[in-house]
Amino acid sequence: MTLAPWSLGVFTSIDAGLGVKLEVAKELGVPSIQLHTPHADGRTTEAAQRFLSKLKDYGIELTCVFGGFDGESYADIPTVERTIGLVPRETRAARLAEMKEISDFTRLLGCSVIGLHVGVVPHDRSSKDYQEVIEITRQLCDHAANNGQAVHLETGQETAEALLHYIEDAKRKNLFINFDPANMILYGTGEPIPALKMVGHYVRSVHCKDGTWSDKPGVTWGCEVPLGKGDVDMRAYLSTLKEIGYTGPLTIEREIPQEPERQKAEILHATGLLEQLRKEILT
Ligand code: MG
């Protein structure tokens, strides 16, 4: 199956409580999804086959599998620094090993992209810690390359400039970006449109998510809101995606899994908004 340019998608999960369930993606009628990885006991050959046969039934294409780990928490920005991704030192080796397993599971799903929040990358490029994070990034990229996959870094925890340095220092041809404009605002790491222009040549997948700035950017969270209601200028976002030559899917992310009915309604509204903008901008 080949997706049309800017095919709509939605962020889903099987058991992680992020995004929506696959059945909701089907009800929404979107042609593509990204999937948050299931927990370790759900990453079996049988589970992969079950999932693939559902995808086939629903006519949905899987475009990226996101890694995630037990013990991660997005409670507030300091907690993110302490718990998210491959960066935290205490869990670094174990999570690298698990991310490689997620890459293997992704291969079972026939998908050529894994994504992740790598965590808050150390800022001092000359530090030993930074070099170690670069080294595990290389190991992950090399493992993924053996599975025929690219690695997409979710944006937000770094400024665009820091992310560019990090990718360039890692020196791996399969390392790219999953651009999330709302995260730049939520984390207070910069205006998303100039950031997208700066890193555009590395962007291979995107999230369509919206948010509002915190009154203390970078210290406290901004607020995630329904698409079109926040500080991401969606028209400028899509125009910039066109400008950088991006033709991949537009994957809607709305993280209010505690309110599934509202989540579904808001995603449905987002699909309408994006379809309208796509019509105006892409053609
Ligand atoms: Mg995102």
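The values are calculated or read from the model by the stated rules, or taken from the named source; none is laboratory data. Quick caveat: nothing in here was measured; it's all calculated off a predicted structure. Cβ sites come from the backbone with ideal geometry, for glycine too, and all protein chains shown count toward neighbours. When the accessible area is computed, the model is the full protein with side chains, heavy atoms only, and any ligands, DNA or RNA have been set aside. Shrake-Rupley method; radii C 1.70, N 1.55, O 1.52, S 1.80 Å.
Would you mind checking the stretch 198-221 for residues with the amide N under 15 Å from a putative spin-label position 7 Å along Cα→C-beta of Gln276?
none
Rounded to the nearest 0.05, what FRET efficiency is calculated for Arg50 and Thr2 with R0 set to 30 Å and r the Cβ-Cβ distance?
On the way: r = 24 Å, r/R0 = 0.81.
E(calc), rounded to 0.05, equals 0.80.
Whole number in Å², please: accessible area per residue of the stretch 8-282, 1.4 Å probe, ligands, DNA and RNA not counted. Could the numbers behind the result be given before it?
Numbers: 11710 Å² over 275 residues.
Heavy-atom accessible area per residue stands at 43 Å².
Once the Cβ-Cβ distance between His123 and Asp57 is put in as r, and R0 is 41 Å, what FRET efficiency do you end up with, to the nearest 0.05? Display every interim value, and only then the final one.
Details: r = 47 Å, r/R0 = 1.14.
For His123 and Asp57, the calculated efficiency is 0.30.
Mind listing the phi-derived Karplus ³J(HN,Hα) values for the stretch 71-87, rounded to whole Hz, using 6.51, -1.76 and 1.60 with θ = phi - 60°, and x for any glycine or proline?
Result, rounded to whole Hz: x, 7, 8, 9, 3, 7, 5, x, 5, 4, 4, 7, 10, 8, x, 7, 5.
Taking the Cα centre of the stretch 8-282 as the origin, how large is its charge dipole in debye, to the nearest 20, when only Lys and Arg (+1) and Asp and Glu (-1) carry charge on their Cβ atoms?
On the way: 30 positive and 40 negative charges, 149 e Å.
Value, rounded to 20: 720 debye.
Amide H of Trp221: which non-local residues (sequence gap of 5 or more, or other chain) have their own amide H closer than 5 Å, using H built in the peptide plane?
For Trp221, whose amide H was placed from the backbone, the distant partners under 5 Å are Ile77.
Provide the net charge surrounding Asn146, with neighbours chosen by a C-beta distance below 14 Å and charges set as Lys +1, Arg +1, Asp -1, Glu -1.
+2
Taking H as built 1.01 Å from N, whose amide H comes closer than 5 Å to the amide H of Thr12, not counting residues under 5 places away?
Residues meeting the criterion, in which the H sits 1.01 Å from N, are Val20, Gln34, Leu35, His36.
How high is the FRET efficiency from Ile256 to Ile193, r the C-beta distance, R0 35 Å, rounded to 0.05? Walk me through the numbers before you get to the answer.
Values: r = 25 Å, r/R0 = 0.71.
Approximately 0.90, to the nearest 0.05.
Using amide H atoms built in the peptide plane, which far-off residues or other-chain residues are under 5 Å from Gly211 H to H?
For Gly211, the qualifying residues are Val225, Gly230, Asp231, Val232.
Hey, what's the per residue convex hull volume over the C-alpha atoms of the stretch 8-282, in cubic angstrom? Walk me through the numbers on the way to the answer.
Working: hull volume 32.1 nm³, N = 275.
Dividing the Cα hull volume of the stretch 8-282 by its residues yields 117 Å³.
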